[in-house]
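Please treat every number below as a calculation from the coordinates, not as lab data. Not measured: the values here are computed from a predicted model. When we count neighbours, we look across all protein chains shown, and the Cβ atoms used for this are built from the backbone with ideal geometry, even at glycine.
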Amino acid sequence: MKIIFALLAVITISSCATHSAPRSLVNDFHHANFAKVESGQMKWSDYYLGIYENIKSQPSPTSGSQMLVVNGMIDSALEYETGKIDKDAFMSKRRSANAELTQIDADYQTKLVEIQASRPTPEPYAYRPYIRDTRPALETFKAPRQTNCSTYSNQTSCTTY
C-alpha cells in the first residue's frame, strides 16, 4: 500500500517538475540577457527570439499559448527596431504581453488545482483484488511428490514431479 501512495506522489511531483522546467529555462535566459537588452548590447527581437526558442525546446501544457504571445512580441520588437512604432507603444505592448503570460500561468495553475481536487481519493484496499493469493501455490509444496534419480559416471541427476 505504501508503494502505491509513494508511486502516486512521485507521479504528481514529476508532473509539477515537468511544467516548471520550461519556466526555469526561460527565467535563466531572462536573467542572463535582460540587462544586455536594456543597455542596448542585445536587440529586443533577439531577446524574444531566445525566449521563444527556450519555450519551444521544452514543451509544456501552456507552451502553445506562450509561444503565440512571444511571437507577437518578436513582431513588435522588429517594428520598434525599424522605427514603425515608438518606444512608448513598444513598452505598452510589452506590458500587455507580460500580463497575458501571467494570466496564462494563473489559468493553468487554477485548472491544475481543479483537476487534482476532482480526482477521487483511493480507498485503502482498492488495489487488494490485484494482489495474487499465494495459498494455492503453498499447498502444492506440501503435496506428496515423486522423485526420480539417475546416475551417470560420478554425476547424479534428480527430477521431482
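Highest first, please rank the peptides 149-157, 36-44 by the mean number of other Cβ atoms sitting within 10 Å of their residues. Walk me through the numbers before you get to the answer.
On the way: 149-157: 7.7, 36-44: 12.9.
Put in order of decreasing packing, that is 36-44, 149-157.
Between Glu114 and Glu53, take the C-beta separation as r, use R0 = 35 Å, and let me know the FRET efficiency to the nearest 0.05. Can you show the working numbers first?
On the way: r = 31 Å, r/R0 = 0.90.
E(calc), rounded to 0.05, equals 0.65.
So what are the radius of gyration and Dmax for the Cα set of the stretch 28-117, in Å?
14.5, 50
Could you go through the stretch 32-40 in sequence order and give the Karplus-derived ³J(HN,Hα) for each residue, using 6.51 cos²θ - 1.76 cosθ + 1.60 with θ = phi - 60°, rounded to whole Hz, and x for Gly and Pro?
6, 10, 5, 5, 5, 5, 5, 7, x
For the stretch 67-82, list residues with backbone N below 20 Å from a point placed 7 Å from the Cα of Gln41 toward its Cβ?
From the stretch 67-82, the list is empty.
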